[in-house]
Amino acid sequence: MSDSHHTIEALFDEGRVFPPPPEVASRAVVSSDAIYTEATEDPDAFWADLASRLEWRRTWDTVLDWSKAPFAKWFVGGKLNVTESCLDRHLAERGDRVAYYWEGEPGDRRVITYAELHAEVCRLANALAELGVHKGDRVAIYMGMVPEMPVALLACARLGAPHSVVFGGFSADSLADRINDAAAKVLITCDGAWRGGSVVPLKEMADDALSRTPSIEHVVVVRRTESSVAMTPRRDVWYHDVVPRQSPERPATECDSEDMLYLLYTSGTTAKPKGIVHTCGGYLVHAAASHSMVFDLRPEDDVYWCTADIGWVTGHSYVVYGPLANGATSVIYEGAPQFPDKDRFWDVVERYKVTLFYTAPTSIRTFMKWGDDFVSRHDLSSLRIIGTVGEPINPEAWMWYRSVVGGDRCPIVDTWWQTETGGFMISPLPGVTTTKPGSATIPLPGISADVVDEQGRSVPLGQGGYLVITRPWPSMLRGIYGDDDRFVETYWRRFSRPEENVWVYFAGDGAKRDEDGYYWLLGRVDDVMNVSGHRISTLEVESALVDHPAVAEAAVVGRDDQQTGQAIAAFVTLRGSRTGDEDLILELREHVATKIGKIARPASIVFTDELPKTRSGKIMRRLLRDISEQRKFGDVTTLANEAVVHEIAERARAMRPADS
Ligand code: PRX
């Protein structure tokens, strides 16, 4: 990141910081920075006020119970069903408002009002109930971005049955692992999904997974691509056979504030993904409030488009729960940004007159590469706020986004958060925060963050360290499904002082704070890579590689990449007589795609006779990163086999990196 900082300094020298435009500031949802002080002075009152904007069957007795830290309870004693806030409460006065403008990749369109969405959610909830889904049962969802996808999440929520969405780009193996970890009872999927003009065979992959998922009793299949699929009698049913005949009413199941709303698996520092647990009350409070504040949402006027897939947390919080709780009108686009041409996104923005747009830095860099013309041939004057999420955004991409997409007019909200945090944590408020290109600015009201050194001491402004959160927040993860020890170990052990009852959440990111207290995110400090905004663990890829019969050992690192943020670089030693050639590279990349998903395919694979290890046998990833990024090696004195580093570096230079 050092290069970016030089650039930032240059930008500052030119005075390039961006105060909130007066037309935004004068009528923003949050128009005064007094909210930060209010939230700090009385956090309980602050969160209670936000919670009171939702529909509750019974009001909570206590805002926060932190007595069993780090296991939190929020809005204790409160009863609700999140779908009553997201759907029912809109019916009387705004049932005809559009909830989703949906556009399929081939160009087909659907407009779904709140009343229609409510009816469809009830129908699917009735169908799921008929298939034996009860409160507390887990339901897996493995779908493309069709309107039935948000319907599926909400139908589960209607029944109090936690959903576990598995991104449609994950492989059969990944799906099977997640289904088994959650012991899901029902799977909702599609025949296939459209992506870049071809069909992703979701049902076929699901069938592969289902050969080893004993807990699944039924599969509901949405017809989308008309591809021919196998239907297993008694287990599989078509959505169109079981849903339309149901009643469009279904009373919502009353849930406790702390009942599980969903599970979402994410990569950590081990080979096994973690099931992140989110609960009903606190999660919805923060998802709704943060969406409203950060996007300065005016539900009657705005058309909001978050381009994330619902398979990721961004889709959960900011395509489904937050926007619907706020009565927003959203766009959902099914497919790839370059289909049929590289201006598809801007065509969508123009046609639906999108006012609030939210995407990832990796997409922004891709658009930059494709050239301004694809953007400027469209009228984007409807846009008023544009956002970014998923990885650090380099100042160049930020400036391009601001001027070419945002017409030098729209505030940028760079939102730092995680699957675990459930909602935005560090982000500008467009009506009050002066932005700097590349900085996520400051923690939101009610969120207490810090940057600390190895010993957990707050570092002075101007210095870097580990990003931590020092106070609980309502949408915080409640645990890792079935693994309390790992939850405490992963997030709380490193910087907390339990004997003093001080609990500090370790995010896994490095950050620097500048002299103004602005946060600059520096990327992960653990063995998690961020490839195009997707979290992938080095260990997951390593274990996928060693699963191949030709591979003896593998080491994987994330190397800097202009386009994807990081790219996966693999170093592999082979068994027996197998030689490392182009064919084997292709085979290994495919093998990783089959084990995890295409997003995890290494961009480069280097074969070597040995991996660089310390004398105690630990692989020295730091050196491999140096090699991958063609830097001079760091300290090699602890190496058991120094010569090997030079040999690998030779080979890496000779290799042409494979296309990702
Ligand atoms: O490293 C940070 C990066 O993405 C990680 C969280 O990934 P995930 O749980 O998949 O959630 C992604 C969407 C919320 C973080 O630990 N990250 C996310 N947003 C930003 C970011 N890094 C820098 N700036 C951001 N705005």
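The values are calculated or read from the model by the stated rules, or taken from the named source; none is laboratory data. Keep in mind it's a predicted model, so treat the numbers as computed, not measured. Note: ideal-geometry Cβ built from the backbone for every residue, glycine included; neighbour counts use all protein chains shown. Just the protein is used for accessible areas: all its heavy atoms, side chains included, with ligands, DNA and RNA removed. Shrake-Rupley method; radii C 1.70, N 1.55, O 1.52, S 1.80 Å.
log10 I(q)/I(0), Debye, Cα-only segment 505-590, no solvent, q = 0.16 Å⁻¹?
Listed by q, the Debye log ratios stand at -0.71.
Using a 1.4 Å probe on the protein heavy atoms only, what accessible surface does Glu226 show? Give it in Å² to the nearest 10.
My reading of the accessible area for Glu226 is about 130 Å².
For Val531, which sequence-distant residues (separation of 5 or more, or a different chain) have an amide H within less than 5 Å of its own amide H, given hydrogens modelled in the peptide plane?
The list, which skips near neighbours in sequence, is Ile536.
Please state the relative contact order of segment 59-110 as a whole percent: Cα pairs under 8 Å, 6+ residues apart? Don't jump to the answer; show the numbers that get you there.
Details: 37 pairs, mean separation 12.2, N = 52.
Once divided by the residue count of segment 59-110, the mean separation gives 24 percent.
Based only on the alpha carbon positions, what is the Kirkwood hydrodynamic radius of segment 257-363, in angstrom?
Numbers: mean 1/r = 0.0659 Å⁻¹.
After inverting the pairwise mean of 1/r, the radius is 15.2 Å.
Taking loop as defined by DSSP and a crowding limit of 16 other beta carbons within 10 Å, which GluC sites (Glu not before Pro) in segment 552-660 fit?
Those that pass, being in a loop and sparsely packed, are Glu610, Glu629.
How much length would be gained if the chain were fully extended between Gln563 and Lys135, taking 0.36 nm per residue of separation minus their Cα-Cα distance, in nm to one decimal?
149.7 nm
Please report, in debye to the nearest 20, how large the charge dipole of the chain is about its Cα centre when each Lys and Arg carries +1 at its beta carbon and each Asp and Glu carries -1 there.
With Lys and Arg at +1 and Asp and Glu at -1, about 720 debye.
Skipping prolines and chain starts, which residues have an amide H placed within reach, meaning under 5 Å, of the one on Tyr100, given they are 5 or more residues away or on another chain?
When sequence neighbours closer than 5 places are left aside, the close amide H contacts are Ile112, Ser330.
Karplus couplings for segment 323-331 from phi (6.51 cos²θ - 1.76 cosθ + 1.60, θ = phi - 60°), rounded to Hz, Gly and Pro as x?
Along segment 323-331, the couplings run x, 5, 4, 8, x, 7, 9, 10, 9 Hz.
Determine ³J(HN,Hα), in whole Hz, for all residues of segment 492-501 in sequence, where each value follows from phi through the Karplus function 6.51 cos²θ - 1.76 cosθ + 1.60 and θ = phi - 60°; x replaces Gly and Pro.
Result, ordered by residue: 10, 5, 4, 10, 7, 10, x, 5, 9, 6 Hz.
In terms of Cα to Cα distance under 29 Å, which lysines are near enough to Lys185, apart from those fewer than 8 places away along the same chain?
Cross-link targets: Lys73, Lys79, Lys135, Lys203, Lys272, Lys274, Lys595, Lys598.
Among DSSP bridges having both ends in segment 79-176, what percentage is antiparallel? Round to the nearest 5. Walk me through the numbers before you get to the answer.
Details: 5 of 8 bridges.
Bridges in segment 79-176 that DSSP calls antiparallel: roughly 60 percent.
What is the packing order of peptides 144-155, 426-437, taking the mean over residues of other C-beta atoms within 10 Å and listing the highest first?
Details: 144-155: 26.5, 426-437: 23.5.
Result, highest mean Cβ count within 10 Å first: 144-155, 426-437.
Restricting to DSSP H runs of at least four residues, report the calculated mean residue ellipticity at 222 nm for the chain, -39500 (n - 2.57) per run over all residues, nearest 500 deg cm²/dmol.
Working: 21 runs with 189 residues, N = 660.
Counting only the DSSP helices, I get -8000 deg cm²/dmol.
Considering only segment 196-288, what is the antiparallel percent among its DSSP beta bridges, to the nearest 5?
65 percent
What whole-number value in Å² describes the accessible area per residue of segment 214-342 for a 1.4 Å probe?
Using a 1.4 Å probe on heavy atoms only, each residue of segment 214-342 averages 32 Å².
How much length, in nm to one decimal, is gained on full extension between Ser52 and Arg622, taken as 0.36 nm per residue of separation minus their Cα-Cα distance?
Value of the extension gain: 200.3 nm.
What does segment 184-321 give for Rg and for Dmax, in Å, if only its C-alpha atoms count?
Rg and Dmax of segment 184-321, Cα atoms, are 18.0, 49 Å.
Across segment 306-374, what fraction of all alpha-carbon pairs, as a whole percent, falls in each successive 5 Å bin from zero upward?
3, 15, 26, 27, 18, 8, 4, 0
If you roll a 1.4 angstrom probe over the protein chains with everything in place, what fraction of the accessible area of the chain belongs to carbon and sulfur, to the nearest %?
48 percent
When only Cα pairs under 8 Å and 6 or more residues apart are kept, what is the percent relative contact order across segment 528-654? Spell out each step's value before the answer.
Working: 208 pairs, mean separation 27.3, N = 127.
Value for segment 528-654: 21 percent.
Accessible area per residue of segment 528-654 at 1.4 Å probe, in Å²?
Result: 46 Å² per residue.
Using a 1.4 Å probe and ignoring any ligands, DNA or RNA, find the accessible area of Leu356 and quote it in Å² to the nearest 10.
Spelled out: Leu356, probe radius 1.4 Å, area about 0 Å².
For the chain, what is the percent of antiparallel DSSP beta bridges, rounded to the nearest 5?
60 percent
Can you list the lysines whose alpha carbon sits under 28 Å from that of Lys353, skipping same-chain ones fewer than 8 residues off?
Counting by Cα, and skipping residues close in sequence, Lys353 has these lysines nearby: Lys342, Lys369, Lys436.
Pull out a ≥ b ≥ c, the square roots of the eigenvalues of the alpha-carbon gyration tensor of segment 102-209, then state rounded if a/c is under 1.5, prolate if not and a/b is larger than b/c, and oblate in the remaining case.
Oblate shape, in that a/c is at least 1.5 and b/c is the bigger or equal ratio.
Find how many whole Å separate the alpha carbon centroid of segment 373-416 from the alpha carbon centroid of segment 267-282.
One Cα centre to the other: 31 Å.
Just to confirm my numbers, what's the Cα centroid distance between segment 418-485 and segment 145-205 in Å?
First find each Cα centre; the distance between them is then 30 Å.
Checking the a/c ratio against 1.5 first, then a/b against b/c, what shape does the Cα gyration tensor give for segment 528-654?
Since a/c reaches 1.5 but b/c is at least a/b, the shape of segment 528-654 is classed as oblate.
Considering the Cα trace of the chain, what is its radius of gyration and what is Dmax, both in angstroms?
Cα-based Rg and Dmax for the chain come out at 24.3, 74 Å.
Kindly provide the trypsin sites (Lys or Arg not before Pro) of segment 46-141 that DSSP labels as loop, not H, G, I, E or B, and whose Cβ sees at most 10 other Cβ atoms within 10 Å.
Lys68
Relative contact order for the chain: what percent, with Cα pairs under 8 Å and sequence separation of 6 or more?
This gives 13 percent for the chain.
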